[in-house]
1. Could you give every pair whose Cβ atoms fall below 6 Å, whose first residue belongs to segment 128-146 and is in the same structural domain as Trp165 (by TED's automatic domain parsing) and in a loop (DSSP other than H, G, I, E, B), and whose second residue is within 6 Å of ligand 1 (Cβ to nearest atom) and not aliphatic (A, V, I, L, M), counting only separations of at least 6 or pairs across chains?
2. Among the numbered criteria (1) part of a helix (DSSP H, G or I); (2) on the phi > 0 side of the Ramachandran plot, which single criterion is violated by Ile52?
3. In the set Ala328, Ala315, Ala299, Ala321, which member is within 24 Å of Asn244 (Cα to Cα), among the hydrophobic types (A, V, I, L, M, F, W, C) and outside any helix (DSSP H, G or I)?
4. Out of the residues in segment 182-239 that are assigned to a strand (DSSP E or B) and among the basic types (Lys, Arg), state the one that is nearest to the chain's Cα centre (by Cα).
5. Working carefully through the options Ala328, Ala344, Ala338, Ala323, find the one that is within 16 Å of ligand 2 (Cβ to nearest atom), at negative phi and either without any contact (Cβ under 8 Å) to a residue 24 or more places away in the chain or among the hydrophobic types (A, V, I, L, M, F, W, C) (or both).
6. Take the residues in segment 137-172 that are buried (at least 22 other Cβ atoms within 10 Å of the Cβ) and of a type outside the set (A, V, I, L, M, F, W, C), then tell me which one is nearest to ligand 1 (Cβ to nearest atom).
7. Within segment 4-49, which residues are under 16 Å from Gly253 (Cα atoms), of a type outside the set (Asp, Glu) and not in a helix (DSSP H, G or I)?
8. Report, by residue number, each residue of segment 264-284 that is surrounded by 14 or more Cβ atoms within 10 Å (Cβ to Cβ) and not in a helix (DSSP H, G or I).
Amino acid sequence: MSSGHTDFYLCEDLLSEDEKQIRDDVRNWVDRRYLPRAADYFETAEFPVELIPEMGAMGLFGIKLNEYGGRGKNNVSFGLVCQELERGDSALRSFVSVMNSLVIHPIYSFGSREQKQRWLPELVRGAKIGCFGLSEPEAGSDPRSMRATAVKTGGRYILNGRKMWITNGAIADVAVVWAKTENGRVRGFLVEKGTPGFSARPVERKFSMRASVTSVLNFDNVSVPEENLLPGTTGLKSALMCLNEGRFGIAWGSVGAAIACYEAAVNYAKSRIQFGAPIASFQLVQQKLTLMLTEITKAQLLCIRLGRLKDEGRASPQQIAMAKMNNAFEALKIARSAREILGANGITLGHPPIRHMLNLETLNTYEGTRDIHILSLGRHITGMSAFSCEPEEKGAG
Ligand code: TGC
Ligand code: FAD
């Protein structure tokens, strides 16, 4: 859903005026405020925190909320925002994804009235930052195996454990943390920055998502009042429900990254002369561009249909997983093709494809790897789970 030559199936016609306006506002902002420095943020591994208030003022946090200062927009609008932000950089979309899908959404869906009143207005304005701690060093694809615990003593919970790879962790004012209570049930907790025993440190030496803050969270006998339990959380399912929101944003964001790579490749191919002709005139280059545009078009159609289904309350977790899996994977292939078309110039940060290519490795990993979505859809199709084998079934292995 982008005007110009990447809107091959005229998806523009499927958008309302309001949706187009939101998309264009974010597009202009990204062009003006992010893209001129995108390569620098990536190179110096710096997230531009100074842009957070601007994003808050544009209503990019709590974009779907009807209360607490949110904009009350639909899922398609949220998707378009993700697309445009990721055309800038995955780190920008990730920040906004986490705020909307993994912090504001769970507090709104599972929080008490007091928790909502305390946190939502400030999160929506961008005055406070949040993060979502589900993954652990030993529990990524299989969050059920998490080791973090929350033991109730008197009117408080004592949290112990470690969360890993947490976006926004070290800059967050509040963490939505998932831990096992005494009966083994996973519940969600709000842990505030500065709580004794709670610390966050950045994951160093990343080659992907360099402009995003990724952190390790440590919980060493962290005592929180029972009012910090998200009362509506009933088990791991509550955490997984949040991922439907996150995966939806990633499906759309992937399109934005793919468009950025495709446009860079088309422009370069038309102006780069080799063998006395623009490389765009060579059949092999044209094949690459054709396949890139085809996959962008298919991904756009998946997104708009998924968005409309979600707006009607008819999008299943499996449909969302399919779009996330497909679009992240195809975007990565598009980024690699674009990088190839740019030749040696393509390995530098002077052009966007390599930056997107490296970021897209993360998109194919977080919120469920491609393998996990394949297996989750396989289970849906067959009714049989291939996630793990009983010891006797491991056979030759
Ligand atoms: P399983 O038995 O499948 O599920 C337990 C219960 O939950 C239900 N469920 C869902 N409900 C709603 N939406 C979903 N997406 C759901 N997935 C599962 C399920 O129906 C069941 O309900 P009930 O009523 O029968 O109890 O659980 P499992 O332990 O077999 O796990 C299944 C599996 C592997 C699919 C799940 O563990 C999984 O999705 N793993 C991937 C982990 C993942 O995606 N982690 C993401 C961490 S957060 C992150 O990466 C943020 S990045 C943010 C950014 O920077 O943008
Ligand atoms: P593993 O689960 O160890 O998987 C390793 C490999 O084994 C993968 O290729 C996987 O596909 C494969 N595999 C695993 N199980 C199976 C199976 N049953 N069958 C076949 N193959 C299998 N998490 C959060 O909670 N909050 C965040 O904010 C967050 N942000 C992130 C930001 C970044 C930049 C990154 C990279 C990750 C982030 N994550 C976050 C963590 C992310 O969700 C996990 O990395 C992801 O779920 C995969 O877990 P893992 O890395 O431990 O890989």
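The values are calculated or read from the model by the stated rules, or taken from the named source; none is laboratory data. From a predicted model like this one, the values you see are computed outputs, not experimental measurements. Every residue, glycine among them, receives a Cβ derived from its backbone with ideal geometry; neighbour counts consider all protein chains shown.
1. Leu134/Pro143
2. (2)
3. Criteria check complete, one pass: Ala315.
4. Arg201
5. Being within 16 Å of ligand 2 (Cβ to nearest atom), at negative phi and either without any contact (Cβ under 8 Å) to a residue 24 or more places away in the chain or among the hydrophobic types (A, V, I, L, M, F, W, C) (or both) holds for just one of Ala328, Ala344, Ala338, Ala323, which is Ala328.
6. Within segment 137-172, the match that is nearest to ligand 1 (Cβ to nearest atom) is Thr167.
7. Across segment 4-49, the qualifying residue is only Thr6.
8. Within segment 264-284, Arg272, Pro278, Phe282 qualify.
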